[in-house]
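Nothing in this text is a laboratory measurement; each read-out follows from the coordinates by a stated rule. The model shown is predicted, which means the values in this text are computed figures rather than measured ones. So basically every Cβ, Gly included, is an ideal-geometry build from the backbone, and we count neighbours across all protein chains shown.
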Amino acid sequence: METKAFQKIYTKITQITKATCSLKATGVGYEEMAIVNGRLAQVVKIMGDEVTLQIFSGTEGVPTNAEVVFLGRPPVLKVSDELSGRFFNAYGEPIDGGPEIEGEERQIGGPSVNPVRRKQPSEFIPTGIAGIDLNNALVTGQKIPFFADPDQPFNQVMANVALRADADKIILGGMGLTNDDYLYYKSVFDNAGALDRIISFVNTTENPPVERILVPDMALTAAEYFAVDKKQKVLVLLTDMTLYADALSIVSNRMDQIPSKDSMPGSLYSDLAKIYEKAVQFPDGGSITIIAVTTLSGGDITHAIPDNTGYITEGQLFLRKDTDIGKVIVDPFRSLSRLKQLVIGKKTRGDHPQVMNAAVRLYADAANAKTKLENGFDLTDYDERALRFAKDYSDKLLAIDVNIKVDQMLSTSWNLFAEHFEPAEVGIKQEFVDQYWPKNN
Amino acid sequence: MEKTNKMTKGKVAGIIANLVFVEVDGPVQQNEICYINLGETRLMAEVIKVIGTQAYVQVFESTRGLKVDDTVDFTGHMLEVTLGPGILSKNFDGLQNDLDKMEGVFLKRGEHTNPLEDDKKWEFKPIAKPGDVLEAGGWLGEVKENWMPHKIMIPFKFDGKYTIKSIVDEGNYTIKDTIAVVTDENGKDIDLTMVQKWPVKLAVKAYKEKPRPFKLLETGVRVIDTLNPIAEGGTGFIPGPFGTGKTVLQHALSKQAEADMIIVAACGERANEVVEIFTEFPELDDPRTGRKLMERTTIIANTSNMPVAAREASVYTAMTLAEYYRAMGLKILLLADSTSRWAQALREMSNRMEELPGQDAFPMDLPAIISNFYSRAGFTYLNNGSTGSITFIGTVSPAGGNLKEPVTESTKKAARCFYALSQQRADSKRYPAIDPLESYSKYAEYPELEEYFRDSIDPEWPEKIRLARDILIRSREVAEQINILGDDGVPVEYHERFWKGEVMDFIICQQDAFDKVDCSAPLERQKYMLNLVLDIYHTDFTFESFEEVSTYFKKVINTLKQMNYSVYESEKYYESEKEFNSLIEERKTA
């Protein structure tokens, strides 16, 4: 971010707060970038000749006579094929010791896709994890977060999904990533030999929190380059969006805005939507799929961050430790993929939707039986069978260590049905029962 | 309304996100539209507050790059929509730009496209003749828009009575051609074309009377039509936490409801959901006309990533289009998904203007704004005796699934039907997740509607519906007792009572929106199934133990479900019914 010759330098700052500084300047555009004593800043307010700048790395040590230079443009990322395999900070500057990227400068946070130019997502993304493929199938152009407590292995699951999914590019946007997790991703991608199709924009816990605000836009600008210009299938991983939202609330708080629910800014919904809605399927084959992580506090999804996210994303994936089998499973009740209807039974076998629903319903019966058991009531024969089914179902299908094809998931389900139930109890359309119910049982 | 002032001009004096302060050189009106010149790009904005010579305007697009002293042109009018033939089957944004006419994959700032086609010829047939006296909304003639008779009317803005001086003969005309000359009460002649404009924030009042709704609007969704019916011209809302099937339900309504025209306002929601409508509606057959569903649909798409300020405009745009078509004597179904996003847009702006906030930082006048909007729906008698209606169903996305939040509370006061989506039902995949007991329809209690039910469905229909609800209530009460006392802690009859309610739940309340047959049930079929389920209720059974009860009723449910999945009155349907009858015989108390 070099300064150019003949640029006007301002040296009189009139006001400094924790995140912003103000000065008198003219001819400045809204959202324009500036450099304040070497730190990057952006115009967030203009009133007459007074311009307020948000300094991303914080205002600690900024003097009133700091040198301020306006760059005459909003934040940009240089895009080209050279991005592949590289690691960048939140400003899009290399942090892996490699050379600067040569390429076209693109403004980040660009305009939205015209909805009539989108194509309906219809390409199934198999992950091998039955809790996802069988119950919550993912589709290209979808946006879906993991809702997880901080102690759950979401980074591992996400890395698995990313590597198994058939994507041309994987773009990691890390916000407030601990250094350990950052190194984890790096080594997993490296070991899989996939580093050349991966691009990372990383803000770790060591970096100033407000910088995080730039990460999703950087990652998605790179994604749009590959999806639109190169017609590639791009998978974007954003972790952790809760820390991103926290950064937004820091900024809005310092700008004296009235907070709404859970001290989040009133614009949280629109802010998150601008990011997630970049997920898109283009008619010519390119696509952007977003898988994000939203960490919860104590599983509370009514908090403003997961709540607003849930209204924007196309479903959510919940991880839960199943103590009966001692494994982490994808929770079939609370997880949902809204786009699954576009592929299950269409791109997969015809019995998929009914098998999925029947299994989840029987699993729910088992949950009721469990409550009965805990309350000290006698169980019926059906309850007993449902409980046995639930344990097998959890172990053979829901656990995150499962890695099988969809047809196998379906036949496993039918076998479990036949092992524990009568066809009438399963309640699937007769034609499927005739076709798939195991005969030798 | 329109004064021919020299148009006011202004200069940008300050910018905070999409709130811009403009120093003006002349008069401005509240809600006036202006354009800010950012180089070649013209950004549309609306005046929302004026102090002295400074106008506060909300810009409908991103203000990136805007500078102090950029010039502003005021237009002298509020946000208006263009009304005329060519609206049907269109995909508009919240400001009525035709999205299909826009170039490129990405939306460009400041790109405005014509909502109608200036060159297209329409086959005009006059209805009025010279000498006729008409008021605003009076029919001059009609053109065929797709298959619908699109009436050309005296513009809504016209006050008083107008005498037709001349009207063109039947023939092909563009929307720019003069099709009639009318004389006002002062003897002034006015040329009329097929197009008129109307400010979206004002209700169109070109009708004689708005009676209480008295007819059922069939939707094909059993839990609505049978248990919580909505009236033609009625209002309803669907609140529900995310993941409970709000959108699936709205789509089902738009596909199946018995309306001449559907307007979908996708307000601040997911783009892929709008794409689903774009993709499916042109393919789907309209069961009542045999044509494609898109031919009677107009979509206003302002998805969540499109500019926030235009979100507010989008619901008003949709309502105004509905009012225009209602004045032609048509039945309109207007769906808005979701009104919470609209309220949030109001909140963002109120926040930037540093207004004192109400509950959850929403503006204080939110309840008034919402009820005012809902009141624009309704059944109307037009001045010429015809009828037209707007049935409005809005969804609400309550924060945290909490129904006590301000948008839900305000809407509850305004809407007459309440379709509560329950997380619990969604979790156990009991779709549609409309809680049959929490939900209500005030119309079900209207004597006008009861009479309509007795005449057109069944003389005892209102009693049957009340009984159906009672069965569900009793079943739920028993379920609670069984939960507390245990399966064998209650008499076997309690289990029977519980399962009779479950039959009602599975067969009437639940419906598979993704099954080709089950997704929509005509009223006739709903009546048939309700009668079967009530027959079971009236039958006494003999059971030895509670285990027998559940095994038996699961079989009953399974057979009846197969009936729901079969084509009405098909062989398979009657086969299942036969099976069902023998099941009943098997256990019936002699």
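For the reader, a short list of remarks on this structure follows.
- Stokes-Einstein D in µm²/s, Kirkwood radius over Cα pairs - segment B:122-194 at 37 °C with 0.692 mPa s viscosity: 270
- Counting only other chain Cβ atoms within 10 Å of each residue's Cβ, the peptide B:103-114 averages 3.
- If R0 is taken as 60 Å, the Cβ-Cβ distance between B:E209 and A:D180 corresponds to a FRET efficiency of 0.25.
- Sites A:E60 and B:K121 - FRET efficiency at Förster radius 60 Å, r taken between beta-carbons, to 0.05: 0.30
- Burial ordering of B:Y446, B:Y574, A:Y276, fewest other beta-carbon atoms within 10 Å first: B:Y574, B:Y446, A:Y276
- Shape call, segment B:254-337: gyration tensor on alpha carbons, a/c limit 1.5: oblate
- The label-point distance for B:D458 and B:R474, in a model that sets each label 7 Å from Cα toward Cβ, rounds to 1.6 nm.
- Overall dimensions of chain B by Cα: Rg and Dmax, Å: 27.2, 91
- Once backbone amide H atoms are built at 1.01 Å from N, B:V490 has no partners under 5 Å, excluding neighbours fewer than 5 places away on the same chain.
- Shape of the protein assembly as shown, Cα gyration tensor, a/c cut at 1.5: oblate
- Among the listed pairs A:K233/B:K516; A:K230/A:K340; B:K246/B:K413; A:K18/A:K261; B:K201/B:K429, a Cα-Cα separation exceeding 29 Å is found for A:K233/B:K516; B:K201/B:K429.
- B:T174 sits among other residues whose Cβ lies under 13 Å from its own Cβ, and their net charge, with Lys and Arg +1 and Asp and Glu -1, is -2.
- Compactness check for segment A:9-70: Cα Rg over 2.2 N^0.38 Å is 0.93.
- Rounded to the nearest 0.05, the FRET efficiency derived from the C-beta distance between B:N581 and B:F514 at R0 = 22 Å is 0.15.
- Order of B:V50, B:V274 - criterion: other Cβ atoms within 10 Å of each residue's Cβ, fewest first: B:V50, B:V274
- Inter-probe distance in nm under a simple model that places probes 7 Å from Cα toward Cβ, at B:T113 and A:Q15: 4.3
- The GluC sites (Glu not before Pro) of segment A:18-118 meeting both criteria, a DSSP state outside H, G, I, E and B (loop) and at most 10 other C-beta atoms within 10 angstrom of the site's C-beta, are A:E60, A:E100, A:E102.
- Among A:T294, A:T371, A:T205, residue whose mean-square fluctuation peaks in a GNM of chain A (springs only between Cα atoms under 10 Å): A:T371
- Comparing A:Q430, A:I400, A:L410 along the charge dipole axis of segment A:352-436, the residue lying farthest to the positive side is A:I400, per the Cβ-charge model.
- Net charge in the neighbourhood of B:A414 (other residues with Cβ under 13 Å of its Cβ; Lys, Arg +1, Asp, Glu -1) is +4.
- Distances between placed amide hydrogens fall under 5 Å for A:I199 paired with A:G85, A:I170, A:I171, A:L172, all partners being 5 or more residues away or on another chain.
- For a modelled paramagnetic label at B:K572, 7 Å from Cα along Cα-to-Cβ, the residues of segment A:337-358 in reach, with backbone nitrogen under 19 Å, are A:345-346, A:349-358.
- A compact globular protein would have a Cα radius of gyration near 2.2 N^0.38 Å; the ratio found for segment A:216-301 is 1.27.
- As a proxy for reagent exposure, B:T226, B:T183 were ordered by neighbouring Cβ count within 10 angstrom, fewest first; the result is B:T183, B:T226.
- Radius of gyration and Dmax over the Cα atoms of segment A:76-338, both given in Å: 17.4, 55
- For the protein assembly as shown, a crude dipole built from +1 on the beta carbon of Lys and Arg and -1 on the beta carbon of Asp and Glu, taken about the Cα centre, is about 1920 debye to the nearest 20.
- More than 22 angstrom apart: percent of Cα pairs within segment B:461-587: 37
- Among A:P63, A:P121, A:P145, the largest mean-square fluctuation in a Gaussian network model of chain A (Cα springs under 10 Å) belongs to A:P63.
- Annotation: for a label point projected 7 angstrom from Cα along Cα→Cβ of A:D284, residues of segment B:88-102 with backbone N closer than 18 Å are B:102.
- Cα gyration tensor shape of chain A, rounded if a/c is under 1.5, else prolate or oblate by comparing a/b with b/c: prolate
- Among the GluC sites (Glu not before Pro) in segment B:498-590, those placed in a DSSP loop whose Cβ has at most 14 other Cβ atoms within 10 Å are B:E544, B:E569.
- A compact globular protein would have a Cα radius of gyration near 2.2 N^0.38 Å; the ratio found for segment B:244-413 is 1.07.
- A:K346-A:S22 pseudo-label distance in nm [points 7 Å out on the Cα-to-Cβ vector]: 5.4
- Which of B:Y528, A:A34, A:Y10, positive extreme of dipole for the protein assembly as shown (C-beta unit charges): A:Y10
- Extension gain (nm, one decimal) between B:D365 and B:V133, 0.36 nm per residue minus Cα-Cα: 79.4 nm
- Exercise: per-residue mean of other protein chain Cβ atoms within 10 Å, B:336-345: 2
- The slack between B:S545 and B:T193, meaning 0.36 nm per residue of separation minus the straight C-alpha distance, is 119.0 nm.
- Extension reserve of the B:N531-B:T71 stretch, reckoned as 0.36 nm per residue once the Cα distance is removed: 158.6 nm
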